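The values are calculated or read from the model by the stated rules, or taken from the named source; none is laboratory data. None of these values were measured; they are calculated from a predicted model. A quick note on method: Cβ atoms are made from the backbone with ideal geometry, for glycine too, and the neighbour counts reach across all protein chains shown.
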Amino acid sequence: MITGACGERYEARGAIIGSSMEAAPGIHAVDFDGRVWAYLYREGSRFTLIDAGIAGRLELIEQELHAAGAKLADIHQIIVTHFHGDHTGTLAELQRLTGARTLAHKLDASVVRGDTAAPEPVLSGPEQAMFDYFTKGIPHAPAANVEVELSDADEIDLDRGARVIHVPGHTPGSIALYLPERQILFTGDASGSVNGRPIVGVFNTDPKQAKRSFQRLAELEFEIACFGHGPAVTHDASASFRQSAVAIPMITNTLVREGQGALATLNCQLSTRRCIIGSRVI
Ligand SMILES: [Zn+2]
Ligand SMILES: [Zn+2]
């Protein structure tokens, strides 16, 4: 587990994580101000974008591509892990600029398109304060196209085949992406990381279902986990998931406690134009 300020480099047992850098070879993390991370997955000269970040911040994706010697037009597909606006914010703009096809689970696709209202999360008392803070200042995500509707166990043309894992609970159509050959898992918000631990995501439409989905992820074998919120776990990640899965009630309570501390830290750091990413970020 690594902590530090945005713009620094974070070394973890040979892997590099953090802003403007690779979570693993060919996987570029796009850091949206320490709040949300999206990922650019490189295959030769073409890129898959996993989640589209916050509306109005397209330049962050563009900067990451430029750093890799590429441009927006090199994105050929966009996979959104769920409909939340911090994961679909630049989607409509990207579609206009790149023509990339977009893939999302069939249960979230109509919300992304703007055809269906988003179901509200079921928030515990302490979660409400986190939710109010976290969603403040995140602009509304414009409606966007979804060309490919996904189901559990679908295989996506990504590397040597990425498997869709349907992990409902955070939203009805939340997905994780599992690359068994490279032993990498993209969790979306089915999980986040706090203090180097994978935890069940927060702000869930069905909290019990979210816990079951987390346990399903813990049954997979993977070395690296890339989250929508919180730094990647870059070594023996599935073992960390199994440890967390055993202690889900405790972890959930701990998250709520640490979450309040995280808010204070994050608020402080953002107000001084420096964002701490790592142990205190939710
Ligand atoms: Zn979410
Ligand atoms: Zn999110």
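State yes or no: is S124 surrounded by fewer than 24 Cβ atoms within 10 Å (Cβ to Cβ), of a type in the set (S, T, Y) and within 20 Å of K136 (Cα to Cα)? For S124, the condition - surrounded by fewer than 24 Cβ atoms within 10 Å (Cβ to Cβ), of a type in the set (S, T, Y) and within 20 Å of K136 (Cα to Cα) - is met. Among the residues of region 46-66, just one is among the polar types (S, T, N, Q) and part of a strand (DSSP E or B), namely T48. Residue-level check: of (1) touching a residue at least 24 places away in the same chain (Cβ under 8 Å); (2) of a type in the set (V, I, T); (3) farther than 20 Å from A190 by Cβ, T116 misses just (1).
How many of the residues in region 226-241 are modelled with pLDDT of 95 or more and within 16 Å of ligand 1 (Cβ to nearest atom)? Number satisfying all stated conditions: 3.
Screening the candidates S124, S110 for the property of being touching a residue at least 60 places away in the same chain (Cβ under 8 Å) and over 19 Å from the mean Cα position of the chain (by Cα) yields one hit, S124. Considered as a group, the residues in region 192-207 that are assigned to a strand (DSSP E or B) and more than 11 Å from ligand 2 (Cβ to nearest atom) include one that is surrounded by the fewest Cβ atoms within 10 Å (Cβ to Cβ), and that residue is R197. Filtering region 111-149 to residues that are farther than 21 Å from W37 by Cβ, in contact with a strand residue (DSSP E or B) (Cβ under 7 Å, 6 or more places away or on another chain) and of a type outside the set (D, E, K, R) leaves N145, V146, V148. If you check D108, D86 for being touching a strand residue (DSSP E or B) at 6+ places or on another chain (Cβ under 7 Å), within 16 Å of ligand 1 (Cβ to nearest atom) and on the phi < 0 side of the Ramachandran plot, only one passes: D86. Residues of region 112-144 that are of a type in the set (V, I, T) and either more than 18 Å from A55 (Cα to Cα) or out of contact with any Gly (no Cβ under 8 Å at 6 or more places or on another chain) (or both): V112, T116, V122, T135. Scanning region 165-194 for residues that are in contact with a His (Cβ under 6 Å, 6 or more places away or on another chain) and β-branched (V, I, T) yields a count of 2.
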